[in-house]
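To start, the structure itself, in structure tokens.
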Amino acid sequence: MIAVMGAAGNVGGKLADLLLQGGQEVRVLEHRRTLAELGERGAEVVTGDALRVEDLRRLFTGADAAFVLLPDNVDDPRFVANRSRMSQAITDSLRETRVGHVVALTVVGADRAGAPGPPAGLHEHERRLAGLRDTDLLVLRPAAYMDYLLGSLPLIRSQGLNGGVIDGDLEYPMIATVDVAQEAAERLTRRDWSGHRGKLLLGPEDVSMREATRAIGSRLGIAELPYVELPPAEMKGALRGAGMSEEAAGLLVDMQLGINDGWFFDGVRRTPETATPTRLEAFLKDAPPEEVGR
């Protein structure tokens, strides 16, 4: 049995799908969004709250392996505090249930203190998980998700441009969540490591926001779609208008400024082991039509 957190999200949902396709027994935690479809396909669905140790205990009890993460609940006004509480609940429940192999999802740079933005809480999370002495732990640290580029579609369609705080000409690693899910599925199935390890996942190439915006424009049939660098305050206001909490919007802007400053990717080098196959053009081509197409 493999327990999966975040099965309603980008990585966890794809992971649960891959595991079921591979004939694995899967148990998922249903919280904010229904997981009835996974249940119909054979997954065991546990209803609960990832902030509650007792609910996580039901998810993990009897599991041979588990996939854990801290979801980005960007509408949460107590984003930081609740992520910290969830991290503690995950660690306590894993310790109690003695899951043998755990794959944890964080982000590039989470192994270092002082990360700007939401990744700051992931460093604390990694440190807590490192205290699981009877568990073989693998921490996956992926680069920026290509999938998050789709969050700009409302702005693109309404204003005819894309925008953000990130320097438009700065190239940095981007990865498709399907590749992260594939790595997690393979490792959870094989359980081929011991002790505590970490692995970077850096996508196939570095991409700038101007390049990514042109690729999105090509997919949408918009020639020469521009990317505009926005002041931090303006970007934060746009994120608040899109439904993010004050705290989460500020943290996301801080993270984008951290990318500009080189905090996450300076010194990070792609190798055959850390590279993944899906290029941006292929990701956009395969994205669901309702998310990209008109």
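The values are calculated or read from the model by the stated rules, or taken from the named source; none is laboratory data. Remember, predicted model here, so these are calculated numbers, not experimental data. Please note: Cβ atoms are built from the backbone with ideal geometry, for glycine as well, and neighbour counts cover all protein chains shown.
Of the residues in region 272-281, how many are surrounded by fewer than 17 Cβ atoms within 10 Å (Cβ to Cβ) and in contact (Cβ under 8 Å) with a residue 12 or more places away in the chain? Give the derivation first.
Going residue by residue through region 272-281, those that are surrounded by fewer than 17 Cβ atoms within 10 Å (Cβ to Cβ) are 272-273, 275, 277, 281.
Checking which are in contact (Cβ under 8 Å) with a residue 12 or more places away in the chain leaves us with 273, 275, 277, 281.
Summing the residues that are surrounded by fewer than 17 Cβ atoms within 10 Å (Cβ to Cβ) and in contact (Cβ under 8 Å) with a residue 12 or more places away in the chain in region 272-281 gives 4.
Do you know which residues across region 208-223 are within 14 Å of residue 284 (Cα to Cα) and in contact with a strand residue (DSSP E or B) (Cβ under 6 Å, 6 or more places away or on another chain)?
The answer is 213, and nothing else.
Residues checked against (1) within 24 Å of residue 135 (Cβ to Cβ); (2) touching a Lys or Arg at 6+ places or on another chain (Cβ under 9 Å):
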site	(1), (2)
31	yes, no
37	no, no
51	yes, yes
59	yes, yes
73	no, yes
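All but one of (1) of a type outside the set (D, E, K, R); (2) under 17 Å from residue 149 (Cβ atoms); (3) in contact with a helix residue (DSSP H, G or I) (Cβ under 9 Å, 6 or more places away or on another chain) hold for residue 193, so report the exception by its number.
(2)
Please go through region 86-105 and pick out each residue that is among the hydrophobic types (A, V, I, L, M, F, W, C) and not in a strand (DSSP E or B). Let's see the steps before the verdict.
Going through region 86-105, the residues among the hydrophobic types (A, V, I, L, M, F, W, C) turn out to be 86, 89-90, 94, 99, 102-105.
86, 89, 90, 94, 99 - these are the residues of region 86-105 that are among the hydrophobic types (A, V, I, L, M, F, W, C) and not in a strand (DSSP E or B).
Could you please find all residues in region 10-30 being surrounded by 19 or more Cβ atoms within 10 Å (Cβ to Cβ) and in a loop (DSSP other than H, G, I, E, B)?
The answer is 24, and nothing else.
Testing residue 180 on (1) within 19 Å of the chain's Cα centre (by Cα); (2) in a helix (DSSP H, G or I); (3) surrounded by fewer than 22 Cβ atoms within 10 Å (Cβ to Cβ); (4) in contact (Cβ under 8 Å) with a residue 12 or more places away in the chain, one condition comes back false. Which one is that?
All conditions pass for residue 180, except number (3).
Step by step: first the residues of region 50-92, then only those that are aliphatic (A, V, I, L, M) and touching a residue at least 60 places away in the same chain (Cβ under 8 Å), then the one that is surrounded by the most Cβ atoms within 10 Å (Cβ to Cβ). Which residue is that? Outline the logic, then answer.
As a first pass, look at region 50-92 and keep what is aliphatic (A, V, I, L, M): 50-51, 53, 56, 59, 63, 65-66, 68-70, 74, 80-81, 86, 89-90.
Filter once more, so that each one left must be touching a residue at least 60 places away in the same chain (Cβ under 8 Å): 63, 65-66, 68-69, 74, 80, 90.
Details: 63: 22, 65: 24, 66: 26, 68: 29, 69: 23, 74: 17, 80: 15, 90: 26.
Among those that are aliphatic (A, V, I, L, M) and touching a residue at least 60 places away in the same chain (Cβ under 8 Å), it is 68.
Is it the case that residue 163 is surrounded by fewer than 21 Cβ atoms within 10 Å (Cβ to Cβ) and within 23 Å of residue 281 (Cα to Cα)? Give the derivation first.
Values: surrounded by fewer than 21 Cβ atoms within 10 Å (Cβ to Cβ): yes; within 23 Å of residue 281 (Cα to Cα): yes.
Considered against the rule, which asks whether it is surrounded by fewer than 21 Cβ atoms within 10 Å (Cβ to Cβ) and within 23 Å of residue 281 (Cα to Cα), residue 163 comes out as yes.
Out of the residues in region 134-149 that are outside any helix (DSSP H, G or I) and hydrophobic (A, V, I, L, M, F, W, C), which is nearest to residue 210 (Cα to Cα)? Let's see the steps before the verdict.
Step one: filter region 134-149 for residues outside any helix (DSSP H, G or I), giving 134-145.
Then keep just the ones that are hydrophobic (A, V, I, L, M, F, W, C); that gives 137-140, 143-144.
On the way: 137: 37, 138: 34, 139: 31, 140: 28, 143: 18, 144: 15 Å.
My answer is 144.
Counting only residues that are in contact with a strand residue (DSSP E or B) (Cβ under 9 Å, 6 or more places away or on another chain) and either of a type in the set (Asp, Glu) or part of a strand (DSSP E or B) (or both), which one in region 224-278 is modelled with the lowest pLDDT?
234
What pairs can you find where one residue is in region 12-35 and modelled with pLDDT under 95, the other is polar (S, T, N, Q), and their Cβ atoms are less than 7 Å apart, with a gap of 6+ or different chains?
Qualifying pairs under 7 Å: 30/47.
Given the criterion of a type outside the set (Ser, Thr, Tyr), crowded, with 18+ Cβ neighbours inside 10 Å and over 14 Å from residue 11 (Cβ atoms), identify the matching residue among 146, 174. Walk me through how you get there before you give the answer.
On the way: 146 fails: over 14 Å from residue 11 (Cβ atoms).
That would be 174, the only listed residue that is of a type outside the set (Ser, Thr, Tyr), crowded, with 18+ Cβ neighbours inside 10 Å and over 14 Å from residue 11 (Cβ atoms).
Tally the residues that are more than 12 Å from residue 139 (Cβ to Cβ), surrounded by 18 or more Cβ atoms within 10 Å (Cβ to Cβ) and modelled with pLDDT of 95 or more, restricting the search to region 98-123.
Number satisfying all stated conditions: 2.
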